[in-house]
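The next block holds one structure in the form of structure tokens; read it before the comments.
Only the coordinates and a few stated rules stand behind these numbers; no lab work does. Just so it is clear, the model here is predicted, and its values are computed rather than measured. Positions of Cβ are backbone-derived with ideal geometry, glycine not excepted, and every protein chain shown enters the neighbour counts.
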Amino acid sequence: MAARILIAEDDRKQSDLLRVYLEREGHSVQVVTDGQTALDRCRGNRPDLIILDVMMPTVDGLDVCRILRGESDVPIMLLTARSTEEDILLGLDLGADDYVTKPYSPRQLAARVRVLLRRTGRDAADPEVFAVGDLIIDAARFEVRVRGELVSLTPKEFGILRALAAQPGRVFTRAQIIDRAFGFDRYIVERTVDAHVMNLRRKIEDDPAEPVYVQTVYGRGYRMPEQPG
């Protein structure tokens, strides 16, 4: 259920924590710190969901909610320290789809995001076929082809490739790759990822020493470029 999510929150610690939890769910996350920028980003990028802090500079979250609801049906989740019934009803009356009071559990909020995306029909279907340059990954058939030639991969190699291809351009840490590609395999450690990547490159790259598809971002992890070449 990967989605494009905009977080409008001027508390950096809160927004960074939320970003981590939502990116673990596979979402693409942007963060802004004031209401006017939130409006501009929503109008320009059209996210699948916006998480709005009520107390923000320039334009507060309630006004952002009211303005956006007049322009769009984007799902809106409000975050606030105000927990009275009147405050909650005001947020809902202005068009918010959900209302979360602080302090909150990031895990519970991520779960509420999943529910809200399902409820509003914004959850993106998980694509079964990924195409990046001459590389084709068919998840349903568990097949990988390079320039039309079938390549045999192990399940873990396939999992790494699919995770990277699902979000080309994004840098994945080794821990994130473990989370997405290996699930609950508790015997996988970060250095094991490097070994699988090395084997994967031998199978899909013309020159494993100069990889085109699975690139190293030093000090960070791995990525698949949007336009290999």
The range 16-52 and the range 202-220 have their Cα centres apart by a whole-number Å value of 31 Å
Longest segment of the chain with no chymotrypsin sites (Phe, Trp or Tyr not before Pro) in a DSSP loop having at most 14 other Cβ atoms within 10 Å? 1-103
Once you sort the root eigenvalues of the Cα gyration tensor of the range 4-119 as a ≥ b ≥ c, which label holds: rounded (a/c under 1.5), prolate (a/b larger than b/c) or oblate (the other case)? rounded
Can you list the lysines whose alpha carbon is less than 23 Å from that of Lys102, not counting same-chain residues fewer than 8 positions off? Lys13
Which of (i) -0.45, -1.49; (ii) -0.38, -1.41; (iii) -0.54, -1.21 is the computed log10 I(q)/I(0) by the Debye sum over Cα atoms at q = 0.10, 0.18 Å⁻¹? It is (iii)
Under a straight-distance cross-link criterion of Cα-Cα below 21 Å, which lysines are reachable from Lys203, leaving out those fewer than 8 residues away in the same chain? Lys156
Loop-only trypsin sites (Lys or Arg not before Pro) in the range 129-197, please: DSSP not H, G, I, E or B, and at most 13 other Cβ atoms within 10 Å. Arg141, Arg147, Arg186
If you take the beta carbon distance between Leu89 and Glu25 as r and set R0 to 35 Å, what does 1/(1 + (r/R0)^6) give as a FRET efficiency, to the nearest 0.05? 0.75
